[in-house]
Amino acid sequence: MADVKLNMRELEATSKASATAHVINMFQRPGQLEKVDQIKRRLTRKKNSVEALLKSAMQQQLDGVRVGLNQLHCCLEDVREIDGSFKKMCGLFAQVPALYNRLSQVREENMRHSQYVTARENLKHIFTVPESVEKTKQWINEGKLLHTHQCLRDLENSRDDLLYELHKLPNQSPHDKSMLKAYFADVETLSNLLEKQLRLILSRTLNTVRKEPTVIVTALRIIEREEKTDQETLKQGKQTGFLPPGRPKKWKEMAFEVLEKSVATRIEGTQVDEREDDKHWLIRYLELTRQLILEDLRVVKTLCVPCFPPRYEIIDKYIQMYHHCLSRHLQELVQNGIEGNEYVTMLSWVSKTYRGTELLGHPDLVEFTKDLGPLLPPAVMERLDGDYLKNIETNYVDWMRNTLNSEEQEWRSNTEPNSDSINYSRTAAPIIIFQMIDQNLQVSKTISDEMTCKVLVLSIEQVVAYGDSYRKAVVDFKNKYFEDRKQVPYFTQYMITIVNNCLQLVDLGSQLEKQYWSPASPAALGENFNKLRSTFIQLRNDAGDFLLEELFLDLDKHFDELFTARWLGTTIPVDTICATLDDYFQDYNRLSEPNYKYVVHQARSSVSKRYLTALLSKKVSFKTYDEAVQAAAKIVKESKQLGKLMDTLCSLEGEDPFETVVLLSEVLKSDDDMLSFELHRIVEKYPDIGEDHLLRLLSLRGDLARSDIRDKVAHLPKPKIPAHQSSVFRTLVFPKLVNLNVFNN
């Protein structure tokens, strides 16, 4: 209370302060004092209005309290009444056990009465069971299934009612139950006969629905009634613990089992041939299966859907059954093993035909099949893909091995290879290899784009592997030839064929890459194409070098005759070299143009290198300056002769390697004043020229003192050799270096 009073005083003080401030503010303006009476009357009216609102609110609160008190009073009276009723009920419950004992005779009498009533109601069926059974069997044989089912239900109801009455007895007699079941044993036999008949009808659904759809409808009506009875008996069983014999029958489940079994039988029955009878057995089977499934599903959609209850979703169920049964049968075929082109047939049919417009994608079916899962599990598809690729790989390996063996036999034969229409020596192997690849790719396109990519990757891998085997065979062929050149009479011609084949394989690979490669292709595909190019370009280069190895085997003895004591007075060595080159290149004309240019380029490089080697081999020394000038003129003449010959063979771009020889010859004919200048020119142009090379060059000048040679080489600048720059001198290595000590005075 003290807190309330304190709050009231605070509120009153606050109100007075607020009112005082309001009055002060109001009367600060001139003329407000003249309106005092008006302001007073307005405030009085406002005060009266607020007081009226407060009184109304207080009255409403009091009315609410009054109503609440009345309701609490009523609740109290109700609680007292309920308490009295509860006590009275507890007293009555206490008397129940005694009353239960006193009513035992009434219960027994009621039980007997119930049994008598049940027996009386079923007397007709009890005494006519044998007759009803025979009549029902006759109706089954006559196909009157609705009459059969009605009679069967009557008999079952009689049996079940009697058994239920026995079940309710406190002291059940097993003998009575056994006797009653034995008496009605034929009823269960009738049920089995009806079920058998329904199975027979359902197994022929797709044929029957075309001719007598009413038969299917009748069977389904019976199944629906039995399903309803199953549900009622199960519900009763939960409440009473009694379940009639043979329940639940689950004829709806039976119906779908029969339908699925009939579908499986139709699919398996379509396979009329075996591999031993017809090598195209799988193609025929899959085509017949496609026709069968398409026709059956269209029958289901048009004829079965009106006959089956909507909740059966019969079109979806049939699609699932055909899908599962076909999947199971195809998996069995795969498990038993398929061979060769059967992989293509299977993969193509599963990947495209099955989902295409000729089957599940048909306009009549596509709305029901768009959410259907894959026909074969991923593991089975992976196995099929793997086996198919292994089969292709095996074919590639066998064919390429046979091709290579055939070519090796030709290489060692006494028959000259043929030239094609444009005078290039080639074999049919490259064309046939890529035709085989193209055939496999065209076949794989009928399966899927993904499979096409896998086949392409595998194909290029096999071509690369063929290149490795081809290299080994070519090297063996070359080694055998150089062991005894008489053993292989047409080495040059076949090596030309090999060079041309290598470049043709590269060209065919590039064409295939342009046709199939895209930025979305896997990285392995691009890597394999690069391997193919590098493998066969390198083999082309090596084979070209083998050709020149044969050439220079004949030329080396003539190069050995250069820069000897007799060299200045004769042109025979160089003339012989030119004649030999021209003779060999008459055969090399059968190389394709890029290969011919490569061989000419390599030959020009090798000829200039050998000429330089002969020049710097220090086999001769020109005693006088005049002799050195004469030698320099001869070197220039021979270099131009060789260079002109190479230009005649083929016009090549790039620096002429014989210019190096001409530049070195300037050192031989230079006088003392210009010698250092010429040496500087050589070093500037060829930074990688070695000290040994320069010493060998200067040692040809017999008119120079050894100390001068040493000083001139020692005082030459040593420029930094660029990493990317290389000349013939980097590869020009002599077995024994020139010793500087020999130049001491």
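The values are calculated or read from the model by the stated rules, or taken from the named source; none is laboratory data. Everything numeric in this text was worked out from a predicted model, so none of it was measured. No Cβ is skipped: glycine too gets one built from the backbone with ideal geometry, and neighbour counts run over all protein chains shown. All accessible areas refer to the heavy atoms of the entire protein, side chains included, with ligands and DNA or RNA removed. Shrake-Rupley method; radii C 1.70, N 1.55, O 1.52, S 1.80 Å.
Of all residues in segment 184-228, which are without any contact (Cβ under 8 Å) to a residue 40 or more places away in the chain and either among the small types (Gly, Ala, Ser) or closer than 19 Å to Ile315 by Cβ (or both)?
Answer for segment 184-228, where residues must be without any contact (Cβ under 8 Å) to a residue 40 or more places away in the chain and either among the small types (Gly, Ala, Ser) or closer than 19 Å to Ile315 by Cβ (or both): Ala185, Asn207, Thr208, Ile223.
Return the residues of segment 363-399 that are charged (D, E, K, R), open to solvent by less than 70 Å² (accessible area, probe 1.4 Å), part of a helix (DSSP H, G or I) and over 13 Å from Lys454 (Cα atoms); say none if nothing qualifies.
Hit for segment 363-399 is Asp398, nothing else.
Please enumerate the residues belonging to segment 143-157 that are crowded, with 20+ Cβ neighbours inside 10 Å, within 15 Å of Arg247 (Cα to Cα) and either touching a residue at least 60 places away in the same chain (Cβ under 8 Å) or touching a His at 6+ places or on another chain (Cβ under 9 Å) (or both).
Across segment 143-157, the qualifying residues are Leu155, Glu156.
Check Ile682, Ile635 and return the single one that is farther than 19 Å from Phe559 by Cβ and either more than 60 Å from the chain's Cα centre (by Cα) or not hydroxyl-bearing (Ser, Thr, Tyr) (or both).
Every option except Ile682 fails the conditions.
Checking Thr580 against (1) open to solvent by less than 60 Å² (accessible area, probe 1.4 Å); (2) farther than 30 Å from Asp703 by Cα; (3) at pLDDT below 90, which single condition isn't satisfied?
Unmet for Thr580, out of (1) open to solvent by less than 60 Å² (accessible area, probe 1.4 Å); (2) farther than 30 Å from Asp703 by Cα; (3) at pLDDT below 90: (3).
Condition first: among the small types (Gly, Ala, Ser), farther than 30 Å from Asp160 by Cα and touching a helix residue (DSSP H, G or I) at 6+ places or on another chain (Cβ under 6 Å). Can you find one or more residues in segment 257-265 that meet it?
Scanning segment 257-265, I find at least one residue that is among the small types (Gly, Ala, Ser), farther than 30 Å from Asp160 by Cα and touching a helix residue (DSSP H, G or I) at 6+ places or on another chain (Cβ under 6 Å), so the answer is yes.
Might you check whether a residue that is in contact with a helix residue (DSSP H, G or I) (Cβ under 7 Å, 6 or more places away or on another chain), open to solvent by 60 Å² or more (accessible area, probe 1.4 Å) and part of a helix (DSSP H, G or I) occurs anywhere in segment 485-505?
no
Taking the residues in segment 269-282 that are in contact (Cβ under 8 Å) with a residue 12 or more places away in the chain and either basic (Lys, Arg) or buried (at least 16 other Cβ atoms within 10 Å of the Cβ) (or both) as candidates, determine which candidate is farthest from Arg328 (Cα to Cα).
For segment 269-282, the residue satisfying everything is Arg275.
Need the failing condition index for Ser521 against (1) open to solvent by less than 50 Å² (accessible area, probe 1.4 Å); (2) over 56 Å from the mean Cα position of the chain (by Cα); (3) of a type in the set (Ser, Thr, Tyr), just the number.
(2)
Rundown of residues vs (1) touching a strand residue (DSSP E or B) at 6+ places or on another chain (Cβ under 9 Å); (2) free of Cβ contacts under 8 Å to residues at least 24 places away in the same chain, yes/no style:
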| position | (1), (2) |
| --- | --- |
| Lys618 | no, no |
| Lys623 | no, no |
| Val629 | yes, no |
| Lys634 | no, no |
| Met646 | no, no |
| Glu653 | no, yes |
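Can you confirm whether segment 708-715 contains a residue that is open to solvent by 20 Å² or more (accessible area, probe 1.4 Å), under 18 Å from Leu616 (Cα atoms) and in a loop (DSSP other than H, G, I, E, B)?
Looking for residues that are open to solvent by 20 Å² or more (accessible area, probe 1.4 Å), under 18 Å from Leu616 (Cα atoms) and in a loop (DSSP other than H, G, I, E, B), one finds none in segment 708-715, hence no.
With respect to Leu347, determine if the residue is in contact (Cβ under 8 Å) with a residue 24 or more places away in the chain, over 28 Å from Ile223 (Cβ atoms), part of a loop (DSSP other than H, G, I, E, B) and open to solvent by less than 30 Å² (accessible area, probe 1.4 Å).
no
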